[in-house]
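The values are calculated or read from the model by the stated rules, or taken from the named source; none is laboratory data. Since the structure is predicted, the reported quantities are computational estimates derived from the model, not experimental observations. Every residue, glycine as well, gets a Cβ built from its backbone with ideal geometry; the counts of neighbours run over all protein chains shown.
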Amino acid sequence: MSFFERLRNEFIDIIDWPNQDTDTLVWKFPRYDNEIKMNAKLTVREAQQAVFINEGKIADVYMPGMYTLQTQNMPILSTLKGWKYGFESPFKADVFFVSTRQAIDQKWGTKNAITLSDDRFGMIEIRAFGTYAFKVTDAGKFLKEIAGIDREYTTEEIEGQLKSIISTRFTTAAGGGNIPIEKFASNLDGLSTMIQEKLNADFEAYGLLITKFLVENVSMPEDLKKEIFEYSRLNKIDMQKLTQFRVADSIPIAAANESIAGLGAGIGAGIGVGNMMAGAFSQANAAQQQSAGPSGPPPLAQPVQYFTGTDGKQAGPFDPGQVQQMIQSGAIRRDTLMWKAGMPAWAAAESIGDIASFFSATPPPLN
């Protein structure tokens, strides 16, 4: 910088960031050991915030607008400087402009496989990747926690740091968030929304907001994915109709066996399948007749029987009265695994509707 440029810029009258590009997140206002005049003009454009730093401490933060710098609108800096009323001398301060526009189409992915535990499928390993968008919402926090006070800070510099944070947070959220494994296998939209909410709960501390988060793919063994889909379908299919369908579907296979194992074997297989089919249809007809209306009084309801699983050992059955006594005595805790007829898998006692009420009726232990 020449002597005349130094002389011209001895005192700064206008502070702004006119040439903001899409890749720069933080830009330090340049100066050659010059000072800022009191009553200087500060212009903060849309999608910007300006931060004044005094001796390494964050002072005042300005939102979009035009400001005439005076002690009245620099309350924190005025306190740090120890200015008195009417103090009009030039002052020195570092000024950083921070972009608050969205940074889009950022990539993320898990570096290592995530291990999940599912009551139905056991231990599962998955990998995931996708895209996200973010923006700075609090320039002061962002400078303090992420960017520091370099003259410039770009999206390329923050990319690796955010990828690491997102991967770690995704792993934590996925592993400890009680997310059903079906969401990882099929409902990626619901999974994306769920993870975005969990990420933003942490990212607020960095002055950042994840504006869009997409899980584009979750990889897991194909045989496991097929098993998950089959399990999901079985929860929605009428098992009686499924049995009839599979029996009917097996007839062509039995017929094909005639040419392979001989006519007698084929006829025998056909007769066996016919008997199976007849039995299945008989059961279906009996179910329909029963649903049409009973000819006598219905059978008395059988008491519900529960089983417990502790340290890999099964015990029971216990009726509801016994279960309540065991809860009161501490033999059954909230996390004790229990099962009854009709449940697809073992579950914690407090998650079973008709058992959960027993815990609320049990006084806490005396300490």
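Can you find a residue in the stretch 86-93 that is modelled with pLDDT of 85 or more, in contact with a helix residue (DSSP H, G or I) (Cβ under 9 Å, 6 or more places away or on another chain) and closer than 23 Å to I149 by Cα? Yes, the stretch 86-93 contains at least one residue that is modelled with pLDDT of 85 or more, in contact with a helix residue (DSSP H, G or I) (Cβ under 9 Å, 6 or more places away or on another chain) and closer than 23 Å to I149 by Cα. Summed over the stretch 206-223, residues that are modelled with pLDDT of 90 or more and either of a type outside the set (S, T, Y) or loosely packed, with under 14 Cβ neighbours inside 10 Å (or both) total 7.
Taking the stated definitions as given, is E227 loosely packed, with under 14 Cβ neighbours inside 10 Å and either over 18 Å from I146 (Cβ atoms) or modelled with pLDDT under 85 (or both)? It is false that E227 is loosely packed, with under 14 Cβ neighbours inside 10 Å and either over 18 Å from I146 (Cβ atoms) or modelled with pLDDT under 85 (or both). How do the pairs read when you match residues in the stretch 342-356 that are part of a strand (DSSP E or B) with residues anywhere that are of a type in the set (D, E, K, R) and at pLDDT 80 or above, using Cβ under 8 Å and keeping only pairs 6 or more apart or on different chains? Short answer, once both residue conditions are applied: A348/R334; A348/D335. Assessment of the stretch 84-92 against the conditions (assigned to a strand (DSSP E or B) and either exposed (fewer than 14 other Cβ atoms within 10 Å of the Cβ) or touching a residue at least 24 places away in the same chain (Cβ under 8 Å) (or both)) yields at least one matching residue.
Count, please, the residues in the stretch 141-157 that happen to be in a strand (DSSP E or B) and either surrounded by 17 or more Cβ atoms within 10 Å (Cβ to Cβ) or not assigned by TED's automatic domain parsing to the domain that holds V215 (or both). Let's see the steps before the verdict.
Taking the stretch 141-157 first, the residues in a strand (DSSP E or B) are 152-154.
Imposing the further condition that a residue be either surrounded by 17 or more Cβ atoms within 10 Å (Cβ to Cβ) or not assigned by TED's automatic domain parsing to the domain that holds V215 (or both) reduces the set to 153-154.
Number satisfying all stated conditions: 2.
In this structure, is G176 assigned by TED's automatic domain parsing to the domain that holds K212, at pLDDT below 85, under 30 Å from S219 (Cβ atoms) and not acidic (D, E)?
yes
Restricting attention to the stretch 162-170, does a residue exist that is of a type outside the set (S, T, N, Q), surrounded by 18 or more Cβ atoms within 10 Å (Cβ to Cβ), modelled with pLDDT of 85 or more and farther than 29 Å from E222 by Cα? Checked against the condition, which is being of a type outside the set (S, T, N, Q), surrounded by 18 or more Cβ atoms within 10 Å (Cβ to Cβ), modelled with pLDDT of 85 or more and farther than 29 Å from E222 by Cα, the stretch 162-170 yields no hits at all. Looking only at residues of the stretch 117-140 that are in contact with an Asp or Glu (Cβ under 9 Å, 6 or more places away or on another chain) and part of a loop (DSSP other than H, G, I, E, B), we find that the one that is surrounded by the most Cβ atoms within 10 Å (Cβ to Cβ) is D138.
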